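Let me begin by presenting the structure, written as structure tokens, before commenting on it.
All of the numbers you see were taken from the coordinates with simple rules; none came from a lab. Treat the numbers as computed from the prediction; the structure is a model and nothing was measured. Heads up, the Cβs are rebuilt from the backbone with ideal geometry, glycines too, and the neighbour counts pull from every protein chain shown.
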Amino acid sequence: MGTTIIAVVGALAGAFGTTALQYVTTTRQQRRQALADAVKALLAAIVGHREHQWLKIAARRDGLRDVEGAREKRYAARSSVTSAMDAVYMATRDSALLAAAQEAIDAAFALGDAPEDEIDAAGERARKAHTALRLAAAKAVA
């Protein structure tokens, strides 16, 4: 009788342990996936914002004035970056990743306001910050 009780308790403990391990593993995978999705959305939003800034710069270089429709698209692109960053904040507390994300955002936002003689440097800074964010995110979800 005692052997049977020990066997039943052992089987139940094993089943509980397996279930708990599966839960923890699944939860970690879901969190990693949520973070990967949030960072991908942020990277895409930053690229979209930079694209609108380059269009503004090209128009300015061509002597074209800024038009309301283009300005509205730039504001929408900036809002997309903000919303995407909010999702990253909800997905992680990794201070290195959050700092890399903020640097990429700051560099992208600075691009449109850079003086003409600093545009190339600002563009390079934005691209480097984007790459740094990509690398930090890859490390965080690995």
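For the range 92-103, 3J(HN,Hα) computed residue by residue from phi via the Karplus equation (6.51, -1.76, 1.60; θ = phi - 60°) reads 8, 10, 5, 5, 5, 5, 5, 5, 5, 5, 5, 5 Hz, glycine and proline entered as x. Extension gain for Asp120 to Met90 (0.36 nm times residue separation, less C-alpha to C-alpha distance): 7.5 nm. Rounded to the nearest whole Hz, the Karplus-based 3J(HN,Hα) values (6.51 cos²θ - 1.76 cosθ + 1.60, θ = phi - 60°) of the range 65-75 follow the sequence 7, 6, 10, 4, x, 5, 5, 5, 5, 5, 5, with x at glycine and proline.
Using the beta-carbon distance between Ala76 and Lys139 and R0 = 35 Å, what value does 1/(1 + (r/R0)^6) give for FRET efficiency, to the nearest 0.05? Intermediate values should be presented prior to the final figure.
Details: r = 31 Å, r/R0 = 0.88.
According to the calculation, E is roughly 0.70.
The label point for Ser83 and the one for Ala59, both projected 7 Å from the Cα toward the Cβ, are 2.2 nm apart.
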